Amino acid sequence: MDIKKVAKDTTKVLTSYLTYQAVRTIANQLRETNPGLAIWLNGFSSTGKIQDGEVYLQELFRENQELAFRVLTVRSHLAEEIADYLPEMVRAGIQQANMEHRRHYLERMTQLSVSESNPQTESTPDSEPHP
């Protein structure tokens, strides 16, 4: 496993996600101040380009430089705000999720083991033949 590559790929995904969050923030602001531009931004962003934040920004710069710079600013602000909390939150979140998955697995295995070792018979008083 190449840890540096994993870190680089994770950074790219996180950067793209922060770009997406910045665009959402700006679109919400624009709904109140400039609804027409908000509609345009939502339409521009809905084409799937936003999956790669850097490609999205390159295209946005060609279409609307002012919005592109605004996305850069908001994205940078978001990164600054979460940078201190993110490592611990990721670790804690993964540990919690892993524990939940293991617990669910153990519960399923325990229920299967109990079911297999104690097969229930389905004879009831109503199932016996009546004279």
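Counting only residues that are small (Gly, Ala, Ser) and out of contact with any Phe, Trp or Tyr (no Cβ under 9 Å at 6 or more places or on another chain), which one in the stretch 64-111 is modelled with the lowest pLDDT? Only one residue fits best here, namely Ala83. Just checking, does the stretch 86-99 include any residue being under 17 Å from the mean Cα position of the chain (by Cα) and closer than 26 Å to Leu37 by Cβ? No, there is no match, as no residue in the stretch 86-99 is under 17 Å from the mean Cα position of the chain (by Cα) and closer than 26 Å to Leu37 by Cβ. Quick check on Leu37: is it over 24 Å from the mean Cα position of the chain (by Cα) and surrounded by 11 or more Cβ atoms within 10 Å (Cβ to Cβ)? When the stated conditions are applied, Leu37 passes them.
Of all the residues in the stretch 1-43, those that are more than 19 Å from Thr73 (Cα to Cα) and among the hydrophobic types (A, V, I, L, M, F, W, C) number 6.
Residue by residue, here is whether (1) without any contact (Cβ under 8 Å) to a residue 60 or more places away in the chain; (2) touching a His at 6+ places or on another chain (Cβ under 6 Å); (3) more than 23 Å from Leu18 (Cα to Cα); (4) part of a helix (DSSP H, G or I) holds:
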position	(1), (2), (3), (4)
Asp84	yes, no, no, no
Met89	yes, no, no, yes
Ala97	yes, no, no, yes
Glu100	yes, no, yes, yes
His104	yes, no, yes, yes
Arg108	yes, no, yes, yes
Ser113	yes, no, yes, yes
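Scanning the stretch 40-61 for residues that are more than 22 Å from the chain's Cα centre (by Cα) and over 26 Å from Thr11 (Cβ atoms) yields a single hit, Trp40. All told, Asn64 meets the bar of being surrounded by 16 or more Cβ atoms within 10 Å (Cβ to Cβ) and either more than 22 Å from the chain's Cα centre (by Cα) or hydroxyl-bearing (Ser, Thr, Tyr) (or both). When residues in the stretch 64-82 are screened for being assigned to a loop (DSSP other than H, G, I, E, B) and among the aliphatic types (A, V, I, L, M), 0 of them pass.
The values are calculated or read from the model by the stated rules, or taken from the named source; none is laboratory data. Computed from a prediction, not measured in an experiment: that's the story for all the values here. Counting neighbours? That spans all protein chains shown, and the Cβs are built from the backbone with ideal geometry, glycine included.
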